Amino acid sequence: MATVFREIWTGEMVKSLKGKIDGTWLDGVPDMSSIAENDVIHLVDVGVDPEVLVNNTTYPIPVQALEDKDIAIKLDKFQSKATPITDDELYAASYDKMTRVKEAHAEAINIAKFTKAAHALGESKATLFTSGKKGADLRYKMCLDDVIALKEAMDEKHVPAEGRRLVLSPDMVNDLLSSEQSFREQYNINRADGTIGRLYGFDVYEYALTPLYKQDGTKLALGATAPKGAERSAIAFYVPRVFKATGSTKMYYSEAATDPLSQRNLINFRHYFICMPKKDDASVVMVKKKDNSDA
């Protein structure tokens, strides 16, 4: 009986976690889950792109060797803390209880997944900073010229126009909402699951936990305490140059029969997932700039 319920709960968790990506800024990112084995994914890092000949008249066509290197990448492991559940709740198959517990664990794991993914996609050093009107907090607001600057940075990396995605922090979204009528109109019409619309060739999304950067552009480590002046960022990336992969999901529990003092079951989940760039030039980052001239 315990095995049956564990399979049911695990299946429900898998469906819930998969559904939470739909419509978000990770939706449509190339999914390489099918080639992940034992929660490890093997990628071939192609060192150079093949040269393209135009109107070639010389045969045989020259041979260009590509130096391939196999890279084994371990998927990130996400583990939720255990939730106590009584025997009655576990074995009576209470759907309401199952749904509540499953959603609570799925939400916690999902937040951790998205935060880790956003951190992985952000450059280690930000080189672009906001340039709009300076607010009372001495921070320069984001403006449409800043979005154009992000576009120019992508152009300089020769990133194709189709497939560009921009993920803004809520603070940056609020800056644009307060000053740009066209942005407000898109926000009101298209707002759903973090999606905003399109702007200067970018599919624009909003996410609360974009990576934190210092004022010198240095990215903080994931989970680090933010020092004074650290800001959430905007991440612009080219979708085909990043990937995601989902590995195994497993439910763990200890039975109340083995816990004579508390007489409760403990349940938690382990889930493997990764999202990261395929190439170093996958993204550019912008950070809100603060005027420290009077400091």
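The values are calculated or read from the model by the stated rules, or taken from the named source; none is laboratory data. These numbers were taken from a predicted model, which means no experiment stands behind them. Neighbour counts are summed over all protein chains in view; Cβ atoms, including those assigned to glycine, are modelled from backbone coordinates with ideal geometry. Side chains are part of the model used for accessible areas, which takes the heavy atoms of the whole protein and leaves out ligands, DNA and RNA. Shrake-Rupley method; radii C 1.70, N 1.55, O 1.52, S 1.80 Å.
For GLU123, the conditions (1) surrounded by 19 or more Cβ atoms within 10 Å (Cβ to Cβ); (2) among the acidic types (Asp, Glu); (3) at pLDDT 95 or above are fulfilled apart from (3).
With respect to the conditions (1) open to solvent by 70 Å² or more (accessible area, probe 1.4 Å); (2) of a type outside the set (A, V, I, L, M, F, W, C); (3) touching a helix residue (DSSP H, G or I) at 6+ places or on another chain (Cβ under 6 Å); (4) within 30 Å of GLY19 (Cβ to Cβ), ASP87 falls short on a single one, namely (1).
Of the listed requirements (1) in contact with a helix residue (DSSP H, G or I) (Cβ under 6 Å, 6 or more places away or on another chain); (2) part of a helix (DSSP H, G or I), PRO240 misses just one: (1). Residues of the stretch 22-34 that are under 22 Å from HIS105 (Cβ atoms) and without any contact (Cβ under 8 Å) to a residue 12 or more places away in the chain: ASP27 alone.
Of everything in the stretch 284-295 that is modelled with pLDDT of 90 or more and outside any loop (DSSP other than H, G, I, E, B), the residue that is nearest to PRO30 (Cα to Cα) is VAL284.
Restricting attention to the stretch 234-290, the residues that are within 20 Å of the chain's Cα centre (by Cα), surrounded by fewer than 20 Cβ atoms within 10 Å (Cβ to Cβ) and among the small types (Gly, Ala, Ser) add up to 1. Going through GLY197, GLY132, GLY223, GLY229 one at a time, which residue ends up being farther than 16 Å from MET286 by Cα and either open to solvent by less than 50 Å² (accessible area, probe 1.4 Å) or in a strand (DSSP E or B) (or both)? Of the residues listed, the single one that is farther than 16 Å from MET286 by Cα and either open to solvent by less than 50 Å² (accessible area, probe 1.4 Å) or in a strand (DSSP E or B) (or both) is GLY197. Of the residues making up the stretch 135-153, those that are assigned to a helix (DSSP H, G or I) and in contact (Cβ under 8 Å) with a residue 12 or more places away in the chain are LEU144, ASP145, ASP146, VAL147, ILE148, ALA149, LEU150, LYS151, ALA153. Whenever a residue of the stretch 101-121 is among the aromatic types (Phe, Trp, Tyr), its partners that are surrounded by fewer than 20 Cβ atoms within 10 Å (Cβ to Cβ), lying with C-beta atoms within less than 7 angstrom and at least six residues away or across chains, give the pairs PHE114/LEU209. Against the list (1) assigned to a loop (DSSP other than H, G, I, E, B); (2) within 30 Å of THR249 (Cβ to Cβ); (3) open to solvent by 50 Å² or more (accessible area, probe 1.4 Å), the condition THR210 fails is (3). All conditions but one from (1) open to solvent by less than 90 Å² (accessible area, probe 1.4 Å); (2) assigned to a loop (DSSP other than H, G, I, E, B); (3) at pLDDT below 70 apply to ASP45; the one that does not is (2). Determine if the stretch 164-174 includes at least one residue that is touching a strand residue (DSSP E or B) at 6+ places or on another chain (Cβ under 6 Å), under 20 Å from GLU123 (Cβ atoms) and in a loop (DSSP other than H, G, I, E, B). Yes, there is a match, as at least one residue in the stretch 164-174 is touching a strand residue (DSSP E or B) at 6+ places or on another chain (Cβ under 6 Å), under 20 Å from GLU123 (Cβ atoms) and in a loop (DSSP other than H, G, I, E, B).
If you check LYS113 against the conditions, is it exposed (fewer than 15 other Cβ atoms within 10 Å of the Cβ) and of a type outside the set (A, V, I, L, M, F, W, C)? No; evaluated as a whole, the condition is false for this residue.
Taking the criterion of being within 19 Å of the chain's Cα centre (by Cα), among the β-branched types (Val, Ile, Thr) and modelled with pLDDT under 95, would at least one residue in the stretch 196-209 satisfy it? Looking for residues that are within 19 Å of the chain's Cα centre (by Cα), among the β-branched types (Val, Ile, Thr) and modelled with pLDDT under 95, one finds at least one in the stretch 196-209, hence yes.
All of VAL159, VAL204 fail the test of being closer than 30 Å to ILE274 by Cβ, in contact (Cβ under 8 Å) with a residue 40 or more places away in the chain, in contact with a helix residue (DSSP H, G or I) (Cβ under 9 Å, 6 or more places away or on another chain) and not in a helix (DSSP H, G or I), apart from VAL159.
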